[in-house]
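Asks: Supplied in structure tokens, the structure appears directly below.
Coordinate-derived values only; no laboratory data. A quick note: this is a predicted structure, and the numbers were derived from the prediction, not measured. Virtual Cβ from ideal backbone geometry, glycine too; neighbours counted across all protein chains shown.
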Amino acid sequence: MLFEIDLRIIDALWFILPAYFANSIPVNVSKIKMLEWLGKPIDESREFLGHRIFGDGKTWRGLFFGVAGGTLAGLIQQNIHLDAQVFLRSLLGNSLLTLPQMTVELAFILALGALLGDMVASFIKRQSGLERGDPAPLLDQLDFVFGAVFLSWLLIRSINYERFYALIIITPVIHVIGNIIAWMLKLKKSPW
Ligand code: CTP
Ligand code: MG
């Protein structure tokens, strides 16, 4: 066994992977010059109660590519399900490991939910007077998890609480570790 890892973490990560992709694609797509024309703000600069509805950081480009990328990730997961399970079983030396079944429909819901959750968070930030990009600790890191889990609950009417709690704990941890790695690789100017 390489290392001991709680199987609930593997389960939760496999389930939420389309949302992770949906959440991380928009910022990368925003750097592609060719797609700049698609970067129109979803709120078209409109205001609500004296504040921008979402702000310039929520664009049609991000929404489209995030949902498409997250759904594609789920399609791949659906197809490599058994192979991934065999691989992880031998990697972790645990024959009890089972991955939750991903489907392309579920992936679409999780990806869309992730980006809607992200937009709700931006709305809350704007109403609180925070500018685009201002930090809102925990809200910034968990908005998309709540959105994805909420939309999947709304449509499927079932929720795995153990998985949900695992995600709330591990997502901010992954965020911090990811930022430190990106900083060490000189992809980011600061380690946070
Ligand atoms: N992005 C986008 N469209 C989306 C979501 C994100 O184009 N629907 C891009 C934007 O370039 C955005 C970046 O991804 O600036 C990072 O996303 P996020 O951190 O969610 O936005 P912020 O710029 O921090 O804005 P906010 O304060 O509203 O969270
Ligand atoms: Mg942000």
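Asks: Please give the contour-minus-distance gain from F64 to L82: 0.36 nm per residue of separation, less the Cα-Cα distance, rounded to one decimal in nm. Before the final figure, lay out the partial values.
Replies: Numbers: separation 18, 0.36 × 18 = 6.48 nm, distance 2.93 nm.
3.6 nm is the gain from fully extending F64 to L82.
Asks: Per DSSP helix of 4 or more residues, -39500 (n - 2.57); summed, then divided by the residues of the chain. What does that give at 222 nm, rounded to the nearest 500?
Replies: Numbers: 5 runs with 122 residues, N = 192.
Helices in the chain give a 222 nm mean residue ellipticity of -22500 deg cm²/dmol.
Asks: What does the charge dipole of the stretch 1-129 about its Cα centre add up to, to the nearest 20 debye, if the Cβ of each Lys and Arg holds +1 and the Cβ of each Asp and Glu holds -1? Let's see the in-between values first.
Replies: Details: 11 positive and 11 negative charges, 83 e Å.
Charge dipole of the stretch 1-129: 400 debye, to the nearest 20.
Asks: Follow-up. State the extension gain, in nm to one decimal, for the chain segment bounded by E44 and L185, taking 0.36 nm per residue of separation less the distance between their alpha-carbons.
Replies: On the way: separation 141, 0.36 × 141 = 50.76 nm, distance 3.59 nm.
The span from E44 to L185 would gain 47.2 nm if fully extended.
Asks: Given the peptides 108-115, 175-182, arrange them by the average over their residues of other C-beta atoms within 10 Å, most packed first. Working shown, then result.
Replies: Numbers: 108-115: 26.6, 175-182: 13.1.
For the peptides 108-115, 175-182, the packing ranking is 108-115, 175-182.
Asks: Follow-up. Report the calculated FRET efficiency for L96 and R157 (r = Cβ-Cβ distance, R0 = 22 Å), to the nearest 0.05. Please list the in-between numbers first.
Replies: Details: r = 28 Å, r/R0 = 1.28.
The computed FRET efficiency comes out at 0.20.
Asks: Put one equal scatterer on each alpha carbon of the chain, apply the Debye formula with no solvent term, and list log10 I(q)/I(0) at q = 0.13, 0.14, 0.19 1/Å to two decimals.
Replies: The computed values of log10 I(q)/I(0) come out as -0.75, -0.86, -1.42.
Asks: What distance in nm lies between label points placed 7 Å from Cα along the C-beta direction at I9 and S30?
Replies: Inter-label distance under the simple model: 3.0 nm.
Asks: Got the relative contact order for the chain handy, in percent, Cα pairs under 8 Å and 6 or more residues apart? It would help to have the intermediate numbers written out before the result.
Replies: Working: 281 pairs, mean separation 49.0, N = 192.
It rounds to 26 percent for the chain.
Asks: Follow-up. Which length gain, in nm to one decimal place, applies between I174 and R132 when the Cα-Cα distance is subtracted from 0.36 nm times their residue separation? Please report the intermediate quantities before stating the final value.
Replies: Working: separation 42, 0.36 × 42 = 15.12 nm, distance 2.29 nm.
Using 0.36 nm per residue and subtracting the Cα-Cα distance, I get 12.8 nm.
Asks: May I pose another question? Could you name the aspartates and glutamates whose alpha carbon sits less than 20 Å from that of K125, not counting residues in the same chain fewer than 8 places away?
Replies: K125 reaches D43, E44, E47, D56, D134, D140, D143.
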